[in-house]
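Working notes, structure below.
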Amino acid sequence: MYQSCISEFLAGIIGLISVTQAVGQQECRPALAFKAVQFSEMQPPTLERKWTALVSVDASRCAANSGGYFEIVFSRLKEIGPENKFRERVIWLPPSVKVGVDFAADEAVERYWFDNIAPCPCGG
């Protein structure tokens, strides 16, 4: 019984040390910003429109050669139909990323924003 208590005590100490180390590791995220956002005119023959943007990536808080994913959430308006939200997953790499999304002729972008920006190891 005494050995069992000591084993449980040591396992608890090891678990506490592991949790403390994990909490002590810092997690950083790049700063993203939309630049040069455009919504094209309708393009024949499909009459589709293209939403494009340049996303600047400030990864100065991240370790060198970091990259990851983020999502752009779109609120789409449709002439004959309900508003719809959808996500586009994009890979971020400094210094910038070009993004393009196609829309049908009867669709428009109401709003867009960043979500789920992947963390990166902090730089020093």
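The values are calculated or read from the model by the stated rules, or taken from the named source; none is laboratory data. Just so we're clear, the structure is a prediction, and the values are computed from it rather than from any experiment. SASA here: full protein model, heavy atoms, side chains in, ligands and nucleic acids out. Shrake-Rupley method; radii C 1.70, N 1.55, O 1.52, S 1.80 Å.
Remarks
- When you work out D = kT/(6 pi eta Rh) for the range 27-80 at 37 °C and 0.692 mPa s, using the Kirkwood radius from C-alpha pairs as Rh and the Stokes-Einstein form, the result is 233 µm²/s.
- For the range 17-124, fraction of C-alpha pairs farther apart than 18 Å, in %: 57 percent
- Surface analysis of the range 46-88 yields an accessible area of 58 Å² per residue, using protein heavy atoms and a 1.4 Å probe.
- Long-range HN-HN contacts of CYS62 with modeled amide H, under 5 Å: GLY123
- Each residue of the range 36-42 is assigned a 3J(HN,Hα), and the resulting list reads 6, 7, 9, 10, 5, 6, 5 Hz, derived from the Karplus form 6.51 cos²θ - 1.76 cosθ + 1.60 (θ = phi - 60°), x at Gly and Pro.
- The order of TRP113, TRP92 by accessible area, most exposed first and with a 1.4 Å probe, is TRP113, TRP92.
- Long-range HN-HN contacts of ARG76 with modeled amide H, under 5 Å: ASN84, LYS85, PHE86, GLU110
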